[in-house]
Structures are given as C-alpha cells and as structure tokens.
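Only one structure is covered here, and it is reproduced in the block below.
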Amino acid sequence: MKQTRVLHVSDTHLGYRQYCSDIRRNDFFDNFEQTIEIAVDRDVDAVVHTGDLFHGSNPSIQNIDRCAEILGQLDRAGIPMYGIVGNHERKNDTQLLDLVGRMGDVRRLKKEPTLVGNIALYGIDAIPERRWEGASFELAEPPAEATTTVLCLHQSLAPPLDEEHAKHDLEDVIDRVGIELDGIALGDIHRPKSDLIGDTEVWYAGSTARTQKNQTQAGTVQLLKVKDGDLSRKQIGLDTRSFCPITVEFGSDDGAGHLRDRLRQESLQDAVAALELTGERGAVTANDAVTAAREEGAAVVTVSDERGRVDLDSGSLDVREVASHDDAVEERLNDEEFPSVVHEADSRIRTDDDLPTRTDPAADEFESDLREAMASEFDDEEAATVEVDE
C-alpha cells in the first residue's frame, strides 16, 4: 500500500512584531516559508496547520498578501493545506483561514472526515474555556478506505501536558468524539511534546518560531507517515534566528565595562539578545544595555531590568510570563469572542499616534462602528432565539 505523508505545522503567528521589531515579524514569515519549502521538497500529500496561522484576528493586508504568496508554492506543487482556527485568530464572522482559502488550495477541517491518502483527517477549531463543557466533539465515521484517523485540535490538554499547565483532560476528548482515533495533532503549546494514551498517539508540533524568552526549543514541525495502518512521526527542526538569553548581574561598582565583558562572552551576531539585568542598580541604564548589545552585533534586543527589585514569595501566586503588556491584553481579547471592530478599536487605541488625546473626540472615532457592531450582534441573537411555526 502507498505511504501517505503529511507535514504537521502549528502556531506560525504570522504578523507578530515580537519586541516591536519588524525583523522579528519577518522572521516569523521566513520560518513559515521554510516549512512550506520542506513540504514541497519532500513532496508530501498535504500540509496540516493546527491553529494560530496569524498572530491576531485582524492582520494587515500586507500580512495576508505575504501569507498567500508563500502558500502559492504549495499550489504550484499541487499540495493542499488543511487547517483549523486557533484562539489568536478566531473571529465571530468569516475566519481568516477561509479568506486565505479563496486565494489557494487551503481548506478548514471539520467533524466530517477529509481523506488524504489513507488518513481520515478531522478538525475542531479552538474552543473558549467557558464553552468547553457544552461543546460538541462527536465525529462522523471515517470512510472505509481510511486506515488511520487523526483529529486536529488547538487546546492545552493533559496529557501530553501535566495537569498543572493544562486546561482540560485529553481523555475527556477521546470519550466524546465517538470514534476510534489513531492520532491527535495539537496546537496552542509552542514546544513539541507527545504522549501515548492507550492506542492513541498525541503530540504538539511546537511553534515555528520562538515566542517567549524561556522557550528552549523553537522552530519545529512534524512529518507524519502512514503505511499499512501504522502511524509514525519525525520531528524536523527549522533554521531559526539564534536567541541568546543573557543575565548580567551588577555589583555596586560595576559599570559599562562589566556589561560589555559579559556580552562578549556570547555570540550575538544577528541574534535576538534577551537581556536580564539583576543585582545592584547603578549608572548603566536599560538603554545603555540595548546600545551595547547592538554594538556587539545583535539584530534585536529586549531588556528586563530587575535591579533593585524586592524579592517576593511567589509560591502561592499564579504567575504567568508574558512578553509585554500589549501581549497580555491581546491574549485576553483573543479569549473572548468579540466582534472584529472591538479588536480594531483596541489596536488603534494602543498604536495610533494620530488618535485624538481627549476622551470625547477619541470616542467619536469609534462610535458609529461600535453601534453598528452592537446592532448586528443583537440582531443575530434575536434571530437565533425566534421560534418559527411551520
């Protein structure tokens, strides 16, 4: 029987200006392009993307255009791409994946099977936590010619995660789908991780680029192979920009020379330098650290200045690391199913320097769009609750 090969990609976060850097934005696109080149070079039967193709729900025209340009390589090679919607890109109306699909051979996976060779692929878009209990997971039966079933999800599940870092129980999913699954391909967690639950293999592909300073493994995709009903998987690493987390500890007498000596211990040429300044606060500023790292060749520099901070006992606190306040706001908004106009207003408020600084004129900028969105939402709710006699 012919072997079926599928490249599993996830969490590409296209358009993400990590550390407010256009260099990092381009890195995320370059890493995605590498995955497509791998798919073409290995002549796979399909590419599967398990969510967060884009970093936000309202990417710019330029970001959509570059994504479509990269995916054009798949079209020319006759390789389809299938995917699901992640929490970062989820919208109430037309999903971005559907929009991209109009430009090429990109299709959303559903609870009905999509046959690729001898693999029946299924997909369920990212489910908000508050809707988990009432969500439907039941999948249609696979076609007779399928030897292997694979479900694609975008959730944090235990296993493969430990219970402390997961939001839901994987066995709950397996119990609710209604069919036997050979594999569950996951997105949302940005590091590769896998487990075996009974006869079902479960794995995270990992992200194609590093999204956090403490992410030790970045730039991975998974090559799935199915022959005679046997599913195997090979992890492939991408050629990504090097990432250098550096701690510089200052004593009371340490200055710029101490900083430069520490930086010269690392290879910073064209790297992302993630600096953490600790110890005694002195004459060296965070801006001085940025300048010094750039002079040592770093392409992108981010600095966390922890000097002079009071240590707190955080053992009883639920602490989550975020790259910035903007990321924290965006992550929370993506967890809510707001209309796209809300995301657009939020983005303008935080980034548009031409927005009026006084409250009333600024509010006038958004009033008509927000009122229109509210009317549409209430009309939709009303329509959904009206009973029609037949």
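The Cβ shell under 13 Å around R260 holds other residues with a net charge of -3, Lys and Arg each +1, Asp and Glu each -1.
Is the shape of the range 200-308 best called rounded, prolate or oblate, per the rule: a/c under 1.5 gives rounded, else a/b larger than b/c gives prolate, else oblate, with a ≥ b ≥ c the square roots of the Cα gyration tensor eigenvalues? In terms of gyration-tensor shape, prolate. Put simply, when 151-163, 34-46 are sorted by average Cβ atoms within 10 angstrom per residue, most first, you get 151-163, 34-46. In terms of the mean number of neighbouring beta-carbon atoms within 10 Å, the peptides 278-284, 290-296, 180-186 order highest first as 180-186, 290-296, 278-284. If you model the range 243-305 as an ellipsoid using its alpha carbon gyration tensor, with each semi-axis the square root of five times an eigenvalue, the axes come out at 18, 11, 10 Å, biggest first. At an R0 of 51 angstrom, the distance between the Cβ atoms of T278 and Q235 translates into a FRET efficiency of 0.90. In order along the range 273-282, the Karplus-derived 3J(HN,Hα) couplings, from 6.51 cos²θ - 1.76 cosθ + 1.60 at θ = phi - 60°, round to 9, 9, 9, 10, 9, 10, x, 7, 7, x Hz, and Gly and Pro are given as x. Hey, which of these cross-link pairs are over 20 Å Cα-Cα: K193/K213; K193/K234; K213/K234; K110/K193; K2/K225? Where the Cα-Cα span goes over 20 Å, the pairs concerned are K213/K234; K110/K193. Stokes-Einstein diffusion for the range 1-72 at 25 °C, viscosity 0.890 mPa s, with a Kirkwood radius from C-alpha pairs, works out to 189 µm²/s.
Taking only alpha carbon atoms, the range 4-237 gives an Rg to Rh ratio of 0.93, where Rh is the Kirkwood radius. The distance from the alpha carbon centre of the range 169-228 to that of the range 1-70 is 18 Å, rounded to a whole number.
Where a number appears in this text, it was derived from the coordinates with a stated rule and is not lab data. The model shown is predicted, which means the values in this text are computed figures rather than measured ones. Because the Cβ atoms are built from the backbone with ideal geometry, glycine has one as well, and the counts that use them run over all protein chains shown.
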